[in-house]
């Protein structure tokens, strides 16, 4: 009775469309969850994500969970994850994607999962790193260790949203450093982020890791957005 009263006063709403959720639903209503644009990129050795990095950095595998569409449930989900103080939403998305990846045997050879770090000041302001929460969900389902300590973001960069390709690369070219390079020696790292557009941020971070002897990198993100 208390739960019924609580949800009457503070109704649970779908992060995709803002409608009230049924008692059995979490985060998304059944309609939004059914209609989310899943890419299935992990089933393809060559896909739009691998093509972004072709000739730029060598990758073992690359994928994104959803297509990013403006004013869609995916955009609303990502906005809620970053700005509505919903860290558990990131973990839930990671676990959902982890189920998909495990079922198809994707990323089986990775040794650890590393989220793109936020600058200390921005993480203090937000209270969490949305990419770390996504990585936690993946790590749980893929049964791989999460490493959110070995890569540092040394510079607080400005938002990438309105920058062109060249500006995005210039904005992140030298912002990352490795706190513990030995963690990547001879290891296969899954580097994860929330959204990929040009791939500049992921490329800059991956390049630091790939400077370590024997290191290899794969990439996974929540969403893929075309410029």
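For the reader, a short list of remarks on this structure follows.
- Extension reserve of the residue 13-residue 123 stretch, reckoned as 0.36 nm per residue once the Cα distance is removed: 37.0 nm
- For the chain, the alpha-carbon radius of gyration amounts to 1.03 times the rule-of-thumb value 2.2 N^0.38 Å expected for a compact globular protein.
- Highest mean packing comes first when the peptides 212-223, 54-65 are listed by Cβ atoms within 10 Å, giving 212-223, 54-65.
- Diagonalising the gyration tensor over the Cα atoms of region 33-156 and scaling each eigenvalue by 5 before taking the square root yields semi-axes of 22, 19, 16 Å, largest first.
- C-alpha long axis of helix 87-104 to longest principal axis of the chain, angle in °: 70
- Listed residues 26, 132, 197, most fluctuating in the chain (Gaussian network, C-alpha, under 10 Å): 26
- The angle between the Cα long axis of helix 73-83 and the main principal axis of the chain comes to about 80°, on a 0 to 90 degree scale.
- C-alpha long axis of helix 130-142 to longest principal axis of the chain, angle in °: 90
All of the numbers you see were taken from the coordinates with simple rules; none came from a lab. Values in this document were obtained by computation on a predicted structure and should not be read as measured data. Every residue, glycine among them, receives a Cβ derived from its backbone with ideal geometry; neighbour counts consider all protein chains shown.
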